[in-house]
């Protein structure tokens with residue numbers, strides 16, 4: 001097995017007296033697809049927010065490769081190679097689908113302010129390159145016909161896909177998907193699972209994903225981490241997790257186990 | 001340079017020449033001084049509205065301090081031409097042997113750039129502490145900042161203090177005003193239209209998501225304040241050297257509100273809208289002079305009616321440009337050329 005790309009070690013996050021995530025340990029290996037599940041309020045999204053720098057851990061460390069990333073700002077973490085989507089879709093609603101993706105390329109832009117104002121040839125070439133790359137991404141996600149529609153006018157499923165496309169435009173090594181299947185019907189969920197697999201293979205990504213839907217997670221993930229009240233209660237392959245009495249207890253109540 | 005870039009440049013140059021010729025030969029001779037003054041104000045207000053639009057409209061940072069930046073540019077540049085002019089002009093025309101007109105143009109633009117620089121500096125100073133503030137809080141902080149600038153200037157005796165700053169050389173005519181209005185529109189449109197410039201819009205749309213796609217919201221917001229304040233300073237410089245008299249009462253927060261009205265009425269984030277609103281809102285009160293007593297009543301009524309019928313502003317978030325039209329057509333035809341076009 002290859003060396004881990006992301007190592008979350010002993011990370012704890014407290015909000016006042018509440019411990020949202022407690023002593024989280026997580027290792028992602030290259031091109032792995034790992035799921036985090038758990039009941040509402042178990043700290044899944046908090047874990048995401050810690051990894052992507054929205055929160056700073058109270059204790060513990062997060063490393064990407066050899067680099068410590070806890071304490072960095074969100075945009076620096078994105079530049080280091082971690083992109084994410086949000087539970088409650090966060091697109092740029094009044095920008096077109098194309099611009100939503102285009103803006104995510106902005107980190108790599110080399111043209112300075114003078115060449116932008118003077119519209120030098122190198123600037124125009126760069127803009128064209130970015131425009132084409134953005135359009136290609138839209139095509140891959142079957143969104144090309146929405147290129148110039150405002151993101152807010154896209155159907156729900158398309159908005160989810162656009163958010164993933166936008167995340168990929170930042171050329172991440174690791175992609176974090178926060179409940180990508182939320183609000184989808186069973187057919188859409190199957191399609192989404194297929195899309196996630198395809199994206200992972202095409203872009204050589206490591207994916208960490210949160211979902212409530214056991215079917216999606218079980219069918220998709222190599223490994224699963226189960227959180228409850230901020231604690232990691234189980235970890236392992238889908239089969240192992242599924243049989244774990246603690247997991248069943250957390251989901252169905254302690255009585256169900258007996 | 002690529003052939004079509006050259007062609008475009010030639011086209012633009014000839015268009016500019018045509019505008020100047022039409023103005024000079026057919027319009028200028030029939031314009032009386034009062035009308036000319038209104039036209040000049042229109043140009044200055046375009047500079048102010050478009051620059052404020054970058055901060056308020058594109059980046060979504062509600063600032064009520066624009067008059068403060070304008071005052072800095074106005075007083076800063078006027079101080080240079082008033083105190084430095086008498087030494088600099090003879091040196092420019094004498095030692096360097098420049099024609100009088102060229103020397104004056106250099107002095108004016110140098111002074112205005114310095115004034116703009118001063119305002120930009122202030123923009124950064126306001127930008128940094130206000131980064132943590134949003135919405136109403138930011139508005140109040142910038143309002144306070146604008147007033148601080150005004151009161152400081154009011155107490156500076158070298159620039160006239162409470163008496164006002166008099167005898168500023170009349171260097172900025174219609175030509176310079178409109179040249180700078182054009183430069184302001186072109187520079188801001190090009191910056192906002194580029195991939196990097198989309199970052200401003202992204203911050204307005206969703207700051208959290210903007211951070212998540214790698215945009216440094218701190219840097220981007222400060223740069224919006226810097227650029228917006230710079231052009232506000234230029235607007236102030238044009239104003240000072242056109243009106244030739246400055247008083248701090250000209251730069252109260254009501255002035256900032258006037259520009260905010262232009263930006264909102266034109267459509268937050270639409271440069272075309274800001275330009276149109278600047279023209280309409282400068283000309284309208286003058287056009288209404290005929291009904292004297294009810295002038296301001298009518299003006300306010302029109303504003304209210306407009307906001308009720310078009311709350312998104314005249315232009316919404318749309319722009320009027322050839323590129324936008326071309327892109328729409330390309331998509332309608334189903335062409336994939338969309339991606340290759342620089343908006």
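Each reported figure results from applying straightforward, stated rules to the coordinates on display, with no laboratory input. All values reported here derive from a predicted model rather than from experimental measurement. Note: ideal-geometry Cβ built from the backbone for every residue, glycine included; neighbour counts use all protein chains shown.
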**Message:** Just want to confirm a number: the relative contact order over region A:135-234, from Cα pairs under 8 angstrom separated by 6+ residues, in percent.
**Reply:** 22 percent
**Request:** Decide, for region B:85-222, between rounded, prolate and oblate: order the square roots of the alpha carbon gyration tensor eigenvalues as a ≥ b ≥ c, take rounded if a/c falls under 1.5, and otherwise choose prolate if a/b is larger than b/c, else oblate.
**Result:** oblate
**Prompt:** How big is the gap, in Å, between the Cα center of region B:208-248 and the Cα center of region B:120-191?
**Reply:** 8 Å
**Request:** With everything on Cα atoms, drop me the angle between helix A:156-169 and the longest principal axis of chain A, reported from 0 to 90° to the nearest 10.
**Result:** 70 degrees
**Complete:** Between the alpha carbon centres of region B:24-39 and region A:184-227 the gap in Å comes to 68 Å
**Request:** Calculate the length of the line joining the C-alpha centroid of region A:4-66 to that of region B:62-109, in whole Å.
**Result:** 58 Å
**MRE, 222 nm, helices only [DSSP H, n ≥ 4, -39500 (n - 2.57), over the protein assembly as shown, to nearest 500]** = -17500 deg cm²/dmol
**Prompt:** Where both partners of a DSSP beta bridge lie in chain A, what percent of those bridges are antiparallel, to the nearest 5?
**Reply:** 55 percent
**Complete:** Checking rank on B:21-30, A:48-57, with mean other Cβ inside 10 Å and highest first, the result is A:48-57, B:21-30
**Asked** What angle, in degrees between 0 and 90 and rounded to the nearest 10, separates the Cα long axis of helix A:121-140 from the longest principal axis of the Cα atoms of chain A?
**Response** 40 degrees
**Request:** Compute the acute angle (0 to 90°) between the alpha-carbon long axis of helix A:186-202 and the principal axis of greatest extent of the alpha-carbon atoms of chain A; round to the nearest 10°.
**Result:** 70 degrees
**Fill in**
Placing each pseudo-label 7 Å from Cα in the direction of the beta carbon, residue A:125 and residue A:197 end up separated by a distance in nanometres of 4.1 nm
**Request:** Considering only B:106, B:118, B:302, give the residue with the highest GNM mean-square fluctuation for chain B, with springs between Cα atoms whenever their separation is below 10 Å.
**Result:** B:302
**Prompt:** In what sequence do B:66, A:106 fall when counting other Cβ within 10 Å, fewest first?
**Reply:** A:106, B:66
**Request:** Name the shape class, rounded, prolate or oblate, that the alpha-carbon gyration tensor gives for chain B, where a ≥ b ≥ c are the square roots of its eigenvalues, rounded holds for a/c under 1.5, and otherwise prolate holds if a/b is larger than b/c and oblate otherwise.
**Result:** rounded
**Message:** Could you tell me the relative contact order of chain B? Use alpha-carbon pairs under 8 Å, at least six residues apart, and round to a whole percent.
**Reply:** 30 percent
**Prompt:** For region A:70-201, what class follows from the C-alpha gyration tensor (a ≥ b ≥ c being the square roots of its eigenvalues): rounded when a/c is under 1.5, otherwise prolate if a/b is larger than b/c, else oblate?
**Reply:** prolate
**Request:** Give me a single rounded figure for B:202-210: the average over its residues of other chain Cβ atoms within 10 Å of their Cβ.
**Result:** 6
**Modelled FRET efficiency - R0 51 Å, residue B:257 with residue A:30, Cβ distances, 0.05 increments** = 0.35
**Added length on full extension, which subtracts the Cα-Cα distance from 0.36 nm per residue, residue A:15 to residue A:76** = 19.6 nm
**Asked** If r is the Cβ-Cβ distance from residue B:37 to residue B:6 and R0 is 60 Å, what FRET efficiency results, to the nearest 0.05?
**Response** 0.95
**Request:** For each of B:82, A:221, count neighbouring Cβ atoms within 10 Å of the residue's Cβ, then give the residues from fewest to most.
**Result:** B:82, A:221
**Request:** Would you look at the GNM of chain A, springs on alpha carbons closer than 10 Å, and say which of A:78, A:185, A:100 moves the most?
**Result:** A:185
**Fill in**
Computed over chain A, the relative contact order (Cα-Cα under 8 Å, seq sep at least six) in percent reads 26 percent
**Asked** Where both residues lie in the protein assembly as shown, what percent of DSSP beta bridges are antiparallel, nearest 5?
**Response** 60 percent
**Message:** Under 10 Å, Cα contacts only: if you run a Gaussian network model on chain A, which one of A:155, A:172, A:180 comes out with the highest mean-square fluctuation?
**Reply:** A:155
**Prompt:** Which FRET efficiency, nearest 0.05, do residue B:296 and residue B:318 yield, Cβ-Cβ r, R0 22 Å?
**Reply:** 0.15
**Prompt:** Ranked by Cβ crowding within 10 angstrom, fewest neighbours first, how are A:45, A:58 ordered?
**Reply:** A:58, A:45
